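The values are calculated or read from the model by the stated rules, or taken from the named source; none is laboratory data. Predicted model, so just to flag it, every value in this text is computed and none were measured. Because the Cβ atoms are built from the backbone with ideal geometry, glycine has one as well, and the counts that use them run over all protein chains shown.
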Amino acid sequence: MSKKWLWFSIIFAGLSACAHQTSEPLYIGESNSLPDIAVEFETTVIEPTQQERHYRWYFWRTVNRVETQNLRDNSGEVWTKSVTGDVEYARVFHNEKQMIDYRSSDLNAIGTEPNWAGITLLLNPAIAKTLMSDGQTEIFGRTGIEYKNNNVENPVDIIWLADEKVPAMIQRVEHGHTLVTRIVTLYSLEKSALLHQSTANYRHIDFADIGDKE
Amino acid sequence: MCANECKLTAMAVILASSLLTISAVSNAETISENPKFWLDSGKQSLADSEKLKPNENNAKNVILFVGDGMGISTITAARIFEGQSKPNNRGGEENSLSFEKFPYVALSKTYSVNQQTPDSAPTMTAIITGVKTNDGELSVGMAVARQEKNGNVVNANKVKSLLEQAEENGLSTGIVTTARLTHATPAACYAHTSERDWEADADMPTDATVSDIAKQLINFNYGNGLEVAMGGGRSKFLPETINDPEELDKKGSRKDGLNLTQQWLDKYPNAAYVFDKMGFAAIDAKKTDHLLGLFDISHMEYENDREKDTAGEPSLTEMTAKAIDILSKNKKGYVLMVEAGRIDHAHHAGNAYRALSETVELSNAVRKALEKTNPKDTLIVVTADHSHTFTIAGYPQRGNPILGLVKQPGETDFAKDKHGMPYTTLGYANGPGYRGTPNRVDLTLIDTAHPDFLQEAAVPLASETHAAEDVAIFATGSKAHLFHGIQEESYIYQVMAKALKFKVGQ
Ligand SMILES: [Zn+2]
């Protein structure tokens with residue numbers, strides 16, 4: 001199985017964009033069959049009057065857990081889904097070895113309704129529904145399918161890796177700036193070379209207790 | 001041919017007219033708020049007041065209810081929130097929560113020794129020991145520095161709680177909360193420490209010799225020990241090597257390897273430990289003398305979310321009833337502290353819906369306690385430890401939904417701010433509900449009564465804060481008449497101790 005994951009080990013099969021194919025909506029499939037992956041992403045923020053800004057971040061995913069780590073400030077997030085479907089969240093501060101835990105009802109109490117598909121696929125489900133295929137492209141030695149929406153004001157382009165169920169590229173234009181997120185490296189979780197900092201001994205604070213600590 | 005149709009039509013007319021009659025009768029029965037109504041109802045209240053006689057009996061039992069963060073604006077809004085859910089209400093404003101019908105009310109000054117606006121640690125210390133102290137400290141005098149690590153210093157400055165005195169006098173004692181049992185309010189009843197956050201050994205500096213709060217609950221050695229301790233906070237009692245019985249992917253948080261739930265069972269005769277609703281329901285109060293209930297790994301669920309809990313949790317009302325059943329077996333009497341601990345958390349989150357539904361559940365628990373006790377021998381006190389920055393604002397018309405947008409009398413549209421935006425009745429002076437610059441957001445099409453709606457806040461803070469204004473004390477039963485005027489928060493202890501004939505501070 002790992003043979004499919006290490007993109008540099010795969011020989012490019014010579015696919016090219018195929019403009020005359022029928023346009024299809026993005027099909028994601030069952031959320032309980034997500035492959036376990038570890039990804040390094042780079043997000044680029046492009047604004048008309050400013051220099052481009054680049055952020056590297058890690059993304060680890062299993063069926064019921066997603067963790068991210070922002071390399072710039074060494075903070076991160078952990079999302080977990082319980083057997084009953086409740087979604088919990090934690091902010092991770094690696095430098096301080098500290099986590100703030102939000103239970104499902106804490107998230108609700110602050111008006112947040114987490115969407116598990118959006119968290120695991122990095123795609124807002126409402127946006128995902130509007131995407132139609134627009135050809136194929138070669139990326140990391142494998143076939144990525146390009147999808148676009150038809151929104152002139154807020155255009156979204158993605159390149160979707162169907163086997164890994166993850167976008168290799170997401171480009172969005174919002175409020176006059178462009179956000180481009182691209183995969184830098186992609187691994188199966190068990191073969192991951194990304195440095196994963198264990199949070200096992202971190203101090204946990206309940207979100208509900210924050211108010212009494214200020 | 002038309003016989004049947006005519007009959008039906010006639011029947012329909014009769015039915016309709018009888019419905020009209022019924023509705024006319026019920027309209028006739030609804031109260032009309034005319035001048036006579038106000039004068040008559042005022043007269044009745046006056047007559048009731050004139051009949052009031054101080055209940056000079058000493059109390060066999062004292063039940064203290066604490067709504068954590070339940071300021072007066074919270075009580076008013078909860079009264080309307082509950083009132084608007086009742087059939088035939090007159091707008092909801094006329095409703096009374098159970099404890100608002102108590103005959104005696106006073107105000108409590110909540111400042112701590114070192115802070116104008118306090119937290120729950122010094123406030124509950126004042127309520128339950130009669131001594132004001134510094135913020136963050138539990139049942140120790142003000143000479144102790146916050147986070148003092150030396151256990152000898154802390155022990156030398158202990159101040160005795162009403163529950164400790166009760167045990168020494170042969171009474172039974174109980175603590176019920178929806179927060180963690182090791183959280184500040186319940187902890188002040190049994191623990192003495194320089195830092196409220198030292199709930200388990202893992203929360204403490206390794207060189208501190210003060211005992212952690214969970215351990216102090218199990219090692220409570222006054223009289224024959226606590227009879228009832230129910231709430232959340234299971235992880236503080238379980239070692240990090242043991243999986244939580246409800247959230248199986250999580251573990252206890254104790255690093256010292258101690259399983260304090262097992263110690264409870266080993267320490268007491270006829271003891272029980274339960275962690276879910278089924279276990280709670282199976283407890284026979286007649287056969288159980290020492291009950292430990294830890295119903296969540298951390299705080300228990302909000303009442304609004306309780307049904308979704310994996311293993312199920314009892315309500316505050318159910319825990320109160322069970323506690324009274326166990327404690328009232330002692331002929332000498334009992335002291336019970338019941339905390340609605342999550343009013344405070346909902347306010348910190350800027351979520352009025354949950355703060356109000358928690359307050360209504362506290363009112364239900366008080367009603368249950370009233371049913372199960374006799375005012376001749378029981379003093380019931382309901383108070384708050386401190387307030388929040390929660391406001392009821394604008395000029396909404398009578399019956400305007402308390403969680404809704406302000407609509408003034410006679411208007412068809414919502415009241416608008418300077419930028420033409422509507423605004424809610426309920427809001428906060430600060431907190432996460434700040435919605436920013438340059439203008440507020442348009443709430444016209446937002447369901448502001450949704451349980452997950454975040455009320456607006458004027459100052460952006462990650463968490464809404466406590467507030468410093470006085471809170472109310474409601475009292476009924478033995479010696480309740482001693483609650484009057486504006487008092488220091490520590491006065492609450494004086495009346496409870498007086499009612500029980502305890503020597504103060506000893
Ligand atoms: Zn608080």
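Descriptive notes on the structure:
- Only one of A:F140, A:F207 that is touching a residue at least 12 places away in the same chain (Cβ under 8 Å), out of contact with any Ser or Thr (no Cβ under 8 Å at 6 or more places or on another chain), within 16 Å of the ligand (Cβ to nearest atom) and not small (G, A, S): A:F207
- Of all the listed residues (B:D417, B:D447), the sole one being charged (D, E, K, R) and either under 18 Å from B:T76 (Cα atoms) or within 12 Å of another protein chain (Cβ to nearest Cβ) (or both) is B:D447.
- Check on B:S139, within 16 Å of the ligand (Cβ to nearest atom), polar (S, T, N, Q) and touching a helix residue (DSSP H, G or I) at 6+ places or on another chain (Cβ under 7 Å): no
- Which listed residue is modelled with pLDDT under 90 and away from the ligand (no atom under 16 Å from the Cβ), from A:K191, A:K148, A:K165, A:K129: A:K129
- Any chance A:N108 is polar (S, T, N, Q) and crowded, with 19+ Cβ neighbours inside 10 Å: yes
- Residue in the range B:493-501 that is hydrophobic (A, V, I, L, M, F, W, C) and within 14 Å of chain A (Cβ to nearest Cβ) present: no
- Residue in the range B:458-471 that is farthest from B:K101 (Cα to Cα), counting only those that are surrounded by fewer than 21 Cβ atoms within 10 Å (Cβ to Cβ) and more than 12 Å from chain A (Cβ to nearest Cβ): B:P460
- Number of positions in the range B:105-123 that are within 16 Å of the ligand (Cβ to nearest atom) and either charged (D, E, K, R) or away from every other protein chain (no Cβ under 14 Å) (or both): 4
- Whenever a residue of the range B:182-199 is under 14 Å from B:V131 (Cα atoms), its partners that are charged (D, E, K, R), lying with C-beta atoms within less than 6 angstrom and at least six residues away or across chains, give the pairs B:H192/B:K158.
- Where B:F102 falls short, out of the listed (1) more than 16 Å from the ligand (Cβ to nearest atom); (2) closer than 22 Å to B:L426 by Cβ: (2)
- Identification of helices (runs of 4 or more DSSP H) wholly contained in the range B:94-194 with 1 or more residues that are within 28 Å of B:N330 (Cβ to Cβ) and polar (S, T, N, Q) yields B:120-129, B:162-168, B:184-190.
- Residues (at the interface with another protein chain (Cβ under 10 Å from one of its Cβ atoms), more than 21 Å from A:A208 (Cβ to Cβ) and either polar (S, T, N, Q) or crowded, with 18+ Cβ neighbours inside 10 Å (or both)) located in the range A:58-105: A:N64
- Filter result (at pLDDT 95 or above, more than 26 Å from the chain's Cα centre (by Cα) and in a strand (DSSP E or B)) within the range B:244-274: B:R254, B:A271
- Within the range B:56-88, considering residues that are free of Cβ contacts under 8 Å to residues at least 24 places away in the same chain and part of a loop (DSSP other than H, G, I, E, B), the one farthest from B:H345 (Cα to Cα): B:P87
- The number of residues in the range B:13-44 that are at pLDDT 95 or above and surrounded by 10 or more Cβ atoms within 10 Å (Cβ to Cβ) comes to 8.
Conditions (1) of a type outside the set (S, T, N, Q); (2) within 16 Å of the ligand (Cβ to nearest atom); (3) away from chain A (no Cβ under 14 Å), marked per residue:
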site: B:E94; (1), (2), (3): yes, no, yes
site: B:T125; (1), (2), (3): no, yes, yes
site: B:G151; (1), (2), (3): yes, no, yes
site: B:Q165; (1), (2), (3): no, no, yes
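- Within the range B:278-322, considering residues that are in contact (Cβ under 8 Å) with a residue 24 or more places away in the chain and out of contact with any helix residue (DSSP H, G or I) (no Cβ under 9 Å at 6 or more places or on another chain), the one nearest to A:E113 (Cα to Cα): B:T310
- Test: residue in the range B:298-317 that is away from every other protein chain (no Cβ under 14 Å), among the β-branched types (V, I, T) and crowded, with 17+ Cβ neighbours inside 10 Å: yes
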